[in-house]
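> Structure provided below as structure tokens; questions to follow.
The values are calculated or read from the model by the stated rules, or taken from the named source; none is laboratory data. All of these numbers come straight from a predicted model, not from anything done at the bench. Cβ atoms come from the backbone with ideal geometry, glycine included; neighbour counts cover every protein chain shown.
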Amino acid sequence: MKLILVASAVYLLNIPFGYWRENTKKFSLQWALSIHLPIPIIIILRIYSGIGFEFITYPILVGAFIMGQLTGSRLYKWRAKREYLTISGCLLMDLYY
């Protein structure tokens with residue numbers, strides 16, 4: 001049960017970072033940061049949730065990480081198709097305005 005909750009948190013955490021990543025130039029500093037900044041938060045989630053670093057947790061959490069990044073990327077592309085929407089690199093600001 002804990003693993004499912006942590007995987008859900010990892011997925012939701014990565015959606016804004018995938019949104020940001022889609023708005024940056026590939027292999028730039030911002031692109032690398034959008035991929036690597038969530039990792040310390042995921043490590044903290046692993047430690048405080050008690051799931052640890054067992055082998056079975058890696059494929060599940062890596063899958064949640066990738067799916068969150070892809071969802072954010074697709075959300076950016078979906079919003080960019082609509083010309084009447086303002087688009088920036090920040091999902092939270094785009095949803096607010």
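> Count, please, the residues in region 23-80 that happen to be part of a loop (DSSP other than H, G, I, E, B) and of a type in the set (D, E, K, R).
Going through region 23-80 one residue at a time, the tally reaches 3.
> Which number in (1) surrounded by 15 or more Cβ atoms within 10 Å (Cβ to Cβ); (2) part of a helix (DSSP H, G or I) marks the one condition that Leu5 misses?
(1)
> From the list Leu70, Leu61, Leu33, pick out the single residue that is at pLDDT 95 or above and under 12 Å from Leu3 (Cα atoms).
From the options Leu70, Leu61, Leu33, the qualifying one is Leu61.
> Among residues belonging to region 8-55 that are in contact (Cβ under 8 Å) with a residue 60 or more places away in the chain and touching a Leu at 6+ places or on another chain (Cβ under 9 Å), point out the one that is surrounded by the most Cβ atoms within 10 Å (Cβ to Cβ).
Among those residues, the one meeting the criterion is Tyr19.
> To continue, here is another question. Tell me whether region 76-90 contains one or more residues that are crowded, with 16+ Cβ neighbours inside 10 Å, within 22 Å of Val6 (Cα to Cα) and within 18 Å of the chain's Cα centre (by Cα).
Checked region 76-90: no residue is crowded, with 16+ Cβ neighbours inside 10 Å, within 22 Å of Val6 (Cα to Cα) and within 18 Å of the chain's Cα centre (by Cα).
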